[in-house]
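Structure record follows, encoded as structure tokens.
The values are calculated or read from the model by the stated rules, or taken from the named source; none is laboratory data. None of the values given here were measured: they were computed from a predicted structure. Here the Cβ positions follow ideal geometry from the backbone for every residue, glycine too, while neighbour counts run over all protein chains shown. SASA here: full protein model, heavy atoms, side chains in, ligands and nucleic acids out. Shrake-Rupley method; radii C 1.70, N 1.55, O 1.52, S 1.80 Å.
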Amino acid sequence: MTLLQLLAQRAAAAFAAIGAPDAQPAVQPASRPEFGDYQINGVMAVAKARKANPRELAASVLAHLDLAGIASKLEIAGPGFINVTLSDEFLATRVIAGQQDVRLGTGVAHPQTVVVDLSSPNLAKEMHVGHLRSTIIGDALARVLEFMGNKVVRQNHVGDWGTQFGMLTAYLFEQESSKPAEMALHDLETFYREAKTRFDEDPAFADTARDYVVRLQAGDTRVLALWERFREISLAHCAAVYEQLGVKLTADDVMGESAYNDDLPKVIADLKAQNLLTTSEGAQVVFLEEFRNKEGEPAAYIVQKQDGGYLYSTTDLAAVRYRNNVLHADRVLYVVDARQGLHFQQVFTVSRKAGFARPEMQMEHVAFGTMMGKDNKPFKTRSGGTVKLVELLEEAETRAFDLVSSKNADLPEAQRRKIAHAVGIGAVRYADLAKHRTSDYVFDWDSMLSFEGNTAPYLQYAYTRIASIFRQAGEVDSNAALHLADPAEHALALALAQFPELLQQVAQETAPHFLCAYLYTLATRFSRFYDACPVLKSEGATRSSRLRLCAATARTLQTGLSLLGIEVLEEM
Ligand code: ARG
């Protein structure tokens with residue numbers, strides 16, 4: 001049980017004891033140190049309902065609040081808040097219990113099977129910044145859920161099917177006569193553009209392209225082989241990005257649109273059998289009363305075109321069935337651009353109606369906003385083109401290398417390169433994760449690479465400071481008792497003990513920015529502790545206790561950063 005859950009349970013019991021079992025006491029971490037460590041709300045609502053004096057009512061809640069051995073001070077504040085200060089001994093036990101656990105006390109009581117649909121670029125083109133966000137956010141959520149003991153199944157739902165592959169395979173066939181496929185597809189963006197120009201300008205080529213679509217769908221071996229080649233090379237481009245970013249995604253996680261081809265007729269048949277389909281202008285449609293347009297007409301969710309072709313929407317229904325029937329997911333997270341919000345609401349609604357998802361399988365659209373340039377417009381190259389992710393990540397490392405070299409010119413170059421990789425990639429990831437995912441965010445090299453403020457370099461640097469303490473400390477008793485005497489020690493220990501509830505919030509709200517804010521608080525509290533409490537210069541039990549606090553901070557920082565996919569260094 002997390003600290004927060006423990007306090008909420010005790011608060012609920014106290015409300016029940018005063019005859020208000022339905023009251024909803026809200027326990028929150030205190031927003032200011034003078035409010036103690038946690039604040040219990042909820043008295044005011046009961047007082048209002050009973051027309052009672054809130055402070056008097058708070059006093060009777062307090063009389064029934066059993067926090068023996070947990071709190072050292074309870075106080076009624078303002079119009080009926082209850083401020084709770086945890087006892088130093090209790091906090092010390094919580095910190096130590098966390099340290100003795102591989103999951104740092106974050107393990108869930110009931111592990112779930114969670115499918116995370118992430119990254120999922122369209123293979124016809126180069127991966128772009130929109131997929132960078134899905135990849136980074138999805139990777140962090142998958143890591144957090146896994147760390148807490150859930151079974152996580154990553155699904156890279158790549159776009160590897162559809163009419164544009166007729167044009168692309170036809171063009172690849174032409175190109176292959178003069179150069180190997182790898183070379184032709186070296187730059188996917190250019191390849192796509194050239195193929196499109198051919199298609200628009202040469203009617204004969206356009207006919208071939210259309211013919212290739214038909215053949216591809218009919219399973220023609222030659223066209224299928226071209227498609228496979230294209231797919232393989234495009235996936236290799238993605239793998240290079242994952243590798244550089246340190247994302248835990250492999251070939252086994254790829255479950256693209258084409259994987260569902262055989263299921264699509266079954267999806268249609270099932271919908272038909274359940275009387276959910278209507279023929280509208282030749283197309284097969286599910287009308288959704290839940291989604292009406294301005295004219296009051298129900299939304300039309302098209303699952304099969306007039307020519308018999310299937311759509312993105314059909315594939316997503318097949319994917320829901322697979323995740324339900326085969327993967328037995330308890331929860332499915334779709335980490336996809338906010339602009340696809342309506343699509344997913346409709347996928348979920350149709351899936352429920354058709355029984356493709358068991359009622360207890362949760363489906364959530366983990367939406368995110370757009371990555372903007374410094375000009376507050378969607379992030380593009382100077383000439384207005386799509387930014388290649390590989391180049392973006394290279395630039396991050398180059399900038400970090402210059403930064404590290406200017407700060408620490410004496411380090412051998414190989415070491416500076418290693419630091420630059422961790423700092424550059426860490427900065428890109430952290431800048432994305434630190435903002436609430438639904439807001440748009442401005443991609444700005446200078447602020448993300450700053451050593452001050454809520455940034456990856458600041459946290460990585462905080463970690464190296466602790467590492468350097470241990471290089472100087474000599475032998476350390478890793479089982480030393482914790483004595484929290486100074487307020488700065490208390491504040492640091494509190495943050496350490498809050499790690500489990502924090503991860504729980506990240507998992508529940510699918511919001512990694514809470515973890516970033518937490519790590520930043522942890523690092524600043526460490527810094528205050530280090531200023532206020534001498535560590536290496538202290539002696540005996542005090543020294544051992546403080547070193548143990550340092551070790552716990554280092555481990556929590558490292559764990560937290562690794563859940564965001566960010567490496568720490570011993571020196572930088
Ligand atoms: N390939 C899609 C795109 O690039 C994203 C797919 C997201 N996942 C899904 N199950 N629809 O927009």
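Quick notes
- Summed over the range 110-135, residues that are part of a loop (DSSP other than H, G, I, E, B) and at pLDDT 95 or above total 8.
- The listed residue being away from the ligand (no atom under 16 Å from the Cβ) and within 30 Å of residue 309 (Cα to Cα), out of 90, 147, 173: 173
- The condition of being open to solvent by less than 20 Å² (accessible area, probe 1.4 Å) and under 30 Å from residue 510 (Cβ atoms) does not hold for residue 195.
- Considered as a group, the residues in the range 306-328 that are part of a loop (DSSP other than H, G, I, E, B) and within 22 Å of the chain's Cα centre (by Cα) include one that is farthest from the ligand (Cβ to nearest atom), and that residue is 328.
- With respect to being away from the ligand (no atom under 16 Å from the Cβ) and assigned to a loop (DSSP other than H, G, I, E, B), residue 384 fits the description.
- Near pairs, Cβ below 8 angstrom, 6+ apart or cross-chain, from the range 150-173 (of a type in the set (Gly, Ala, Ser)) to any residue that is assigned to a loop (DSSP other than H, G, I, E, B): 159/120; 159/121; 159/123; 159/124; 159/256; 162/124
- Summed over the range 424-474, the residues that are among the β-branched types (Val, Ile, Thr) and part of a helix (DSSP H, G or I) give a count of 5.
- Given (1) out of contact with any strand residue (DSSP E or B) (no Cβ under 7 Å at 6 or more places or on another chain); (2) open to solvent by 20 Å² or more (accessible area, probe 1.4 Å), number of the condition residue 440 does not satisfy: (1)
- Given (1) more than 16 Å from the ligand (Cβ to nearest atom); (2) at pLDDT 95 or above, number of the condition residue 303 does not satisfy: (1)
- Just one of (1) surrounded by fewer than 18 Cβ atoms within 10 Å (Cβ to Cβ); (2) in a loop (DSSP other than H, G, I, E, B); (3) among the aliphatic types (A, V, I, L, M); (4) at pLDDT 95 or above fails for residue 104. It is (1).
- Qualifying residues in the range 150-170 (those that are hydrophobic (A, V, I, L, M, F, W, C) and more than 24 Å from the chain's Cα centre (by Cα)) - the one nearest to the ligand (Cβ to nearest atom): 161
- Within the range 106-127, if we keep just the residues that are under 21 Å from residue 379 (Cβ atoms), touching a residue at least 40 places away in the same chain (Cβ under 8 Å) and not hydrophobic (A, V, I, L, M, F, W, C), the residue that is farthest from the ligand (Cβ to nearest atom) turns out to be 126.
- The requirement of being over 14 Å from residue 154 (Cα atoms) and within 13 Å of the ligand (Cβ to nearest atom) is satisfied by residue 342.
- If only residues of the range 345-365 that are among the aliphatic types (A, V, I, L, M) and either open to solvent by less than 10 Å² (accessible area, probe 1.4 Å) or more than 12 Å from the ligand (Cβ to nearest atom) (or both) are counted, the one that is farthest from the chain's Cα centre (by Cα) is 354.
- Meets criteria (out of contact with any His (no Cβ under 6 Å at 6 or more places or on another chain), over 30 Å from residue 412 (Cα atoms) and surrounded by 17 or more Cβ atoms within 10 Å (Cβ to Cβ)) for residue 496: yes
- Failed criterion for residue 401 (all others in (1) open to solvent by 50 Å² or more (accessible area, probe 1.4 Å); (2) free of Cβ contacts under 8 Å to residues at least 24 places away in the same chain hold): (1)
- A Cβ distance below 6 Å, combined with a sequence gap of six or more or placement on separate chains, defines the contacts here; from the range 408-430, residues that are without any contact (Cβ under 8 Å) to a residue 40 or more places away in the chain and more than 24 Å from residue 136 (Cα to Cα) reach no residue that is of a type in the set (Lys, Arg) and in a helix (DSSP H, G or I).
- Helices (runs of 4 or more DSSP H) lying entirely in the range 477-572 (those with 2 or more residues that are under 22 Å from residue 437 (Cβ atoms)): 499-509, 513-532, 540-563
- Any hit, the range 545-555, residues being under 24 Å from residue 457 (Cα atoms), polar (S, T, N, Q) and in contact (Cβ under 8 Å) with a residue 24 or more places away in the chain: yes
- Checked against the criterion of being of a type in the set (A, V, I, L, M), open to solvent by 30 Å² or more (accessible area, probe 1.4 Å) and under 32 Å from the mean Cα position of the chain (by Cα), the range 521-539 has no qualifying residue.
- Within the range 236-291, considering residues that are in contact (Cβ under 8 Å) with a residue 40 or more places away in the chain and in a strand (DSSP E or B), the one farthest from the ligand (Cβ to nearest atom): 290
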